[in-house]
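The values are calculated or read from the model by the stated rules, or taken from the named source; none is laboratory data. Predicted, not measured: the structure shown is a model, and the values here were computed from it. Cβ placement follows ideal geometry from the backbone for every residue including glycine, while neighbour counts extend to all protein chains displayed.
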Amino acid sequence: MGNSVIVRRLGLLAVLALCVVLLALVPHLPSYYVRVVDSILIYIILAVGLNLVVGYAGLLDLGFIAFYAVGAYAYALLASGQFDIHLPFIVILFIGAAAGAIAGVLLGFPVLKLRGDYLAIVTLSFGEIIRIAINNADDLTNGPQGIAGLDRASLFGLPLTTPVHFYWLLLVLAITVCGGVYYMERSILGKAWRALREDQDVVRGLGINTTTLKLLAFALSAAIGGAGGVIFGAFQRFVSPESFTFQESLLVVLIIIIGGVGNIVGVIAGAVVLVVLPEVLHFAAQYRLLIYGVVLVTVIVLRPGGLVSPRFNLGFIIRKVRTLWLSPSKT
Amino acid sequence: MALALENVSKHFGSLVAIRNLSLSFDVGSIYSIIGPNGAGKSTVVNMIAGSYSVTSGAIRLGATALNRLPKHRIAQLGVSRTYQNLRLFDGMTVLENLEVCFFPQSWLTFLTGAKRLSKAERLEICHACLAEFHLSDVADVLAGDLPYGRQKILELARAFVTQAPIVLLDEPAAGLNHTETKDMAAMIAGLKREDRAIILVEHDMEMVMSISDRIDVLNYGELLCSGTPDLVRTNERVQEAYLGTTEELDDIRKLAQSRRAQGGLRANAGIVRH
């Protein structure tokens, strides 16, 4: 074993250690920064979830935030004085994910035959329908006033109240979601989705039921959105329809496009950029959408595939680390 | 197992593409469907595979009527196909292009009723198939990055990897040069098996004549003539149908002449394919 191998291994260890240290340092930052990181993590979860539908199955969904709303309102209705129901957070997390999945399938069925622009328009409308329905169902949701004073969440006896608590929860969830989606991407299901994105008719000709395949993508993606919504509800302890406008759906899609479609690493990068950018440019808050527009156009002109190259994906990183560790002579 | 078309008709609006066509294909043979452009060859393939519905008549695989089933069910029952224009999954590797064919045999078997294959079994079958089609060296190359000839072979491999009893090949030689066409013909001839029917739609007469057990000639959506290559080659109605329409008549004549002259099938060199 040569010196260079040891150096490289040490380098690898150093990078890993740096990541761990950075992640461990976050809770010691001022509350504002922790909130920004929380926000990044939430958007990573959402974008990785939406990426299942957009990036892998190739179905442009512009109404994704509806599932987030379903999750958030699941928490608001089941853990507040609204109906005096106070279920534990973890139970609602699963209920929210399940409700999201059901909503995903409900959206999926009518749009199965649509593609491209038409699909985008219908999903956009679906997102708006959910928001407007929430806005008008006064008896259930308090309409535009929203539901306030949601229960303080706790998980296995640990309180979930401060941004730091949510940081740990979101970190665990984000890693779980990324890992799960990565596993799915590598499985035959992921391959079938990619094939679906390329040529739907041929996929059908291979004996694959494309209806099942699309509904699975919608359901899984919506379940992730729903779970994210539950955490959002528990974090804010207040929900109102305003949080679930079309702009939010658009932001999640932008994260995917700017980061790199179908690439988990890209999506993470996209979430960091699009969440941090408005914070850095706080003084220009009223130009937020303009800034998104400029970033989008710049990225599309200069790097049409997204900020992160499709080659630099989770699989690539894992392979690199593995070869460096197990058989460094090959690298 | 046999595939049968019974009095099948296909109308596109007022256009009658196929009229009262009855054909039967048994496993163990190679069949070719030929005919001038617009004769309805591809329509037949698309109806069998379920891409087109049947206006009247029935298509049966064994005792199962195929023409009421969705496309993916037809494929699951054992009908696989290639396409006139290459339709590979370009962004996926050669191996993945084959692997994805086994999705119905994966953990979703509770929906398909198919026999479940483990990942290891699936990969073993795919690697064996790659070896059979001389594609092992490019297993991890993106399908879109292969040269055209090898893409054609990969599409062939994809049609055969699931051991489907009925394989439809829609112009396997289209776009190939003369040598590649001969290799393709040899490869298809080598794929003939007791438990498999290969149905070919092809313009290249040399290939059709050399590997087919039976040739069905279509003209204006009707069966003009059906029989062994020798029978079709000498049939006057076939020659009439082709007269002045395509170069295929020339091919047939040349082949017939050379066969008469030499008493055997000879390479028909010098024909430029488009």
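Of the residues in region A:159-196, how many are more than 14 Å from chain B (Cβ to nearest Cβ) and in a helix (DSSP H, G or I)?
20
A:PHE312 - would you say it is more than 17 Å from the chain's Cα centre (by Cα), aromatic (Phe, Trp, Tyr) and part of a loop (DSSP other than H, G, I, E, B)? Give the steps one after another, and end with the answer.
Details: more than 17 Å from the chain's Cα centre (by Cα): yes; aromatic (Phe, Trp, Tyr): yes; part of a loop (DSSP other than H, G, I, E, B): yes.
The answer is yes for A:PHE312.
Output yes when any residue across region A:317-328 is modelled with pLDDT under 80 and outside any helix (DSSP H, G or I), and no when none is.
Within region A:317-328, one or more residues are modelled with pLDDT under 80 and outside any helix (DSSP H, G or I).
Go through the residues of region B:187-202 one by one and say whether even a single one is at pLDDT below 90, more than 15 Å from the chain's Cα centre (by Cα) and either within 28 Å of B:GLY57 (Cα to Cα) or in a helix (DSSP H, G or I) (or both).
No, because not a single residue in region B:187-202 is at pLDDT below 90, more than 15 Å from the chain's Cα centre (by Cα) and either within 28 Å of B:GLY57 (Cα to Cα) or in a helix (DSSP H, G or I) (or both).
Could you give every pair whose Cβ atoms fall below 8 Å, whose first residue belongs to region A:290-307 and is touching a residue at least 40 places away in the same chain (Cβ under 8 Å), and whose second residue is assigned to a loop (DSSP other than H, G, I, E, B) and of a type in the set (S, T, N, Q), counting only separations of at least 6 or pairs across chains?
Cβ pairs passing all conditions: A:GLY306/A:ASN263.
Can you spot a residue in region B:121-144 that is part of a helix (DSSP H, G or I), free of Cβ contacts under 8 Å to residues at least 24 places away in the same chain and within 14 Å of chain A (Cβ to nearest Cβ)? Give the derivation first.
At the first step, the residues of region B:121-144 found to be part of a helix (DSSP H, G or I) are B:121-132, B:136-138, B:143-144.
Those left that are additionally free of Cβ contacts under 8 Å to residues at least 24 places away in the same chain: B:121-122, B:124, B:128, B:131, B:136-137.
Keeping just the survivors that are within 14 Å of chain A (Cβ to nearest Cβ) gives B:121-122.
Yes, because at least one residue in region B:121-144 is part of a helix (DSSP H, G or I), free of Cβ contacts under 8 Å to residues at least 24 places away in the same chain and within 14 Å of chain A (Cβ to nearest Cβ).
Which one is farthest from B:PHE89 (Cα to Cα), of the residues in region A:197-225 that are out of contact with any Leu (no Cβ under 9 Å at 6 or more places or on another chain) and either outside any helix (DSSP H, G or I) or more than 14 Å from every other protein chain (Cβ to nearest Cβ) (or both)?
In this case the residue turns out to be A:ALA223.
Within region A:1-94, considering only helices (runs of 4 or more DSSP H) that don't extend past its boundaries, which have at least 1 residues that are at negative phi and within 18 Å of the chain's Cα centre (by Cα)?
Values: elements: A:3-25, A:31-51, A:65-78.
Answer list for region A:1-94: A:31-51, A:65-78.
Just to be sure before I move on: is B:LEU117 within 11 Å of chain A (Cβ to nearest Cβ), free of Cβ contacts under 8 Å to residues at least 60 places away in the same chain, outside any loop (DSSP other than H, G, I, E, B) and farther than 18 Å from B:VAL167 by Cα in the structure I sent?
On the way: within 11 Å of chain A (Cβ to nearest Cβ): yes; free of Cβ contacts under 8 Å to residues at least 60 places away in the same chain: yes; outside any loop (DSSP other than H, G, I, E, B): no; farther than 18 Å from B:VAL167 by Cα: yes.
Spelling it out, it is not the case that B:LEU117 is within 11 Å of chain A (Cβ to nearest Cβ), free of Cβ contacts under 8 Å to residues at least 60 places away in the same chain, outside any loop (DSSP other than H, G, I, E, B) and farther than 18 Å from B:VAL167 by Cα.
Condition check ((1) touching an Asp or Glu at 6+ places or on another chain (Cβ under 8 Å); (2) crowded, with 17+ Cβ neighbours inside 10 Å; (3) acidic (Asp, Glu); (4) in contact (Cβ under 8 Å) with a residue 24 or more places away in the chain) across all residues:
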| residue | (1), (2), (3), (4) |
| --- | --- |
| A:SER4 | no, no, no, no |
| A:HIS28 | no, no, no, no |
| A:VAL53 | yes, yes, no, yes |
| A:GLY58 | yes, yes, no, yes |
| A:ASP61 | no, yes, yes, yes |
| A:ALA74 | no, yes, no, yes |
| A:SER80 | yes, yes, no, yes |
| A:ILE85 | no, no, no, no |
| A:VAL91 | no, no, no, no |
